[in-house]
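Q: Have a look at this one before I ask anything.
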Amino acid sequence: MASDIDRILAALAAPPRRRIVDQLRRGPRRAGELAAACRMSMPAMSRHLRVLRRCGLVEGGGVNDDGRVRMYRLRPEPFAGLRAWLGAVEAFWSGQLEAFKAHVEERKGRRR
């Protein structure tokens, strides 16, 4: 799982890829639509989409049996894995903050 998270985070580290994900959150889009919305050349868009496909965040498929038209969409599974990992990190820090709060309150109680 760590290697999946590593690939996802590496892919999302690039601002243009996060913009692509933001566009795809609104629904499936063609590569040309994504390129126009992100103000990017088609070769650059193709490179970014390839990275997003390789890490599993995005999938592309034909439309109406027309193999020439490919619509890109987000895949929910990698985001679920990322959300689970972030939840574990959040739980760790919540535990740390709770322990610190208990420590401060204990010391505060001893001073009175």
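The values are calculated or read from the model by the stated rules, or taken from the named source; none is laboratory data. The structure displayed is predicted, hence computed values, not measured ones. We place every Cβ from the backbone using ideal geometry, glycine too, and count neighbours over all the protein chains shown.
Q: Test ARG39 against the criterion of being exposed (fewer than 10 other Cβ atoms within 10 Å of the Cβ) and modelled with pLDDT of 95 or more, and give yes or no.
A: yes
Results for (1) in a helix (DSSP H, G or I); (2) touching a residue at least 40 places away in the same chain (Cβ under 8 Å); (3) among the basic types (Lys, Arg), shown as yes or no for each residue.
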| residue | (1), (2), (3) |
| --- | --- |
| ARG18 | yes, no, yes |
| GLY27 | no, yes, no |
| ARG53 | yes, no, yes |
| MET71 | no, yes, no |
| ALA80 | yes, no, no |
| LEU86 | yes, no, no |
| PHE100 | yes, no, no |
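Q: Looking for whichever is hydrophobic (A, V, I, L, M, F, W, C) and surrounded by 12 or more Cβ atoms within 10 Å (Cβ to Cβ) here; the options are ALA14, ALA80. Which one fits? I'd like the intermediate steps shown before the answer.
A: Values: ALA80 fails: surrounded by 12 or more Cβ atoms within 10 Å (Cβ to Cβ).
When all the criteria are applied, what remains is ALA14.
Q: Here's a follow-up. For the range 1-60, enumerate the residues that are closer than 14 Å to TYR72 by Cα and polar (S, T, N, Q).
A: Within the range 1-60, GLN23, SER46 qualify.
Q: While we're on this one: With the structure loaded, tell me whether ARG29 is surrounded by 12 or more Cβ atoms within 10 Å (Cβ to Cβ) and in contact with an Asp or Glu (Cβ under 8 Å, 6 or more places away or on another chain) or whether it fails that test. Talk me through it step by step, then tell me what you get.
A: Values: surrounded by 12 or more Cβ atoms within 10 Å (Cβ to Cβ): yes; in contact with an Asp or Glu (Cβ under 8 Å, 6 or more places away or on another chain): no.
No, not satisfied.
Q: Another one. If GLY87 satisfies all but one of (1) under 21 Å from LEU12 (Cβ atoms); (2) touching a strand residue (DSSP E or B) at 6+ places or on another chain (Cβ under 8 Å); (3) exposed (fewer than 13 other Cβ atoms within 10 Å of the Cβ), what's the number of the condition it fails?
A: Every condition holds for GLY87 apart from (2).
Q: If LEU24 satisfies all but one of (1) surrounded by 13 or more Cβ atoms within 10 Å (Cβ to Cβ); (2) out of contact with any strand residue (DSSP E or B) (no Cβ under 6 Å at 6 or more places or on another chain), what's the number of the condition it fails?
A: The failed condition is (2).
Q: May I pose another question? Would you check if there is a residue in the range 50-60 being at negative phi, in contact with a Leu (Cβ under 9 Å, 6 or more places away or on another chain) and of a type in the set (Asp, Glu)?
A: yes
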